[in-house]
Amino acid sequence: SCLVFIPGQLDTTCHAFVGETVILPCSTTPPGELTLSKSMLYWQIGRKIVHFFQNGQDSLKAQDKHFHGRTSLFPDQMKYGNLSLKISNVQFLDDAEYTCIYREIEDHQTKKSKIKLNVSGK
């Protein structure tokens, strides 16, 4: 579950219990559809790569091993601006501040938002 605040320090805070699936929200409202083949989407904790998408597909070679096999995007909704990240089997170590960074290669436009995930035990 997530609460959205007025943009500023932190946009959104989400809460999940260990073992649950959580969706960290991130969206952009483009005029028309996003050109995913010409854009990049990073989900990061500091410099740690949680999920990376480029050239229209996931690119997970540099993904932090802790998140291996537990993250996914919404490919069919991305071109309409839904850049949210789904994390399954949430762990205590997932408790962190995430940054969603969307970059269009040609326009050099970057959109950034921060999402805090609070994880607690059952």
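Within the range 85-107, is even one residue open to solvent by 70 Å² or more (accessible area, probe 1.4 Å) and without any contact (Cβ under 8 Å) to a residue 24 or more places away in the chain?
The answer is yes; a qualifying residue exists.
Quick one: would you say residue 36 is surrounded by 14 or more Cβ atoms within 10 Å (Cβ to Cβ), touching a helix residue (DSSP H, G or I) at 6+ places or on another chain (Cβ under 7 Å) and farther than 23 Å from residue 2 by Cβ?
Spelling it out, residue 36 is indeed surrounded by 14 or more Cβ atoms within 10 Å (Cβ to Cβ), touching a helix residue (DSSP H, G or I) at 6+ places or on another chain (Cβ under 7 Å) and farther than 23 Å from residue 2 by Cβ.
Looking for whichever is within 20 Å of residue 69 (Cβ to Cβ), in a strand (DSSP E or B) and of a type in the set (Phe, Trp, Tyr) here; the options are 102, 98. Which one fits?
When all the criteria are applied, what remains is 98.
The values are calculated or read from the model by the stated rules, or taken from the named source; none is laboratory data. Here the structure is a predicted model, which means the values were calculated and not measured. Neighbour counts run over all protein chains shown; Cβ positions are idealised from the backbone, glycine included. Protein only, heavy atoms only, side chains kept; ligands, DNA and RNA dropped before computing areas. Shrake-Rupley method; radii C 1.70, N 1.55, O 1.52, S 1.80 Å.
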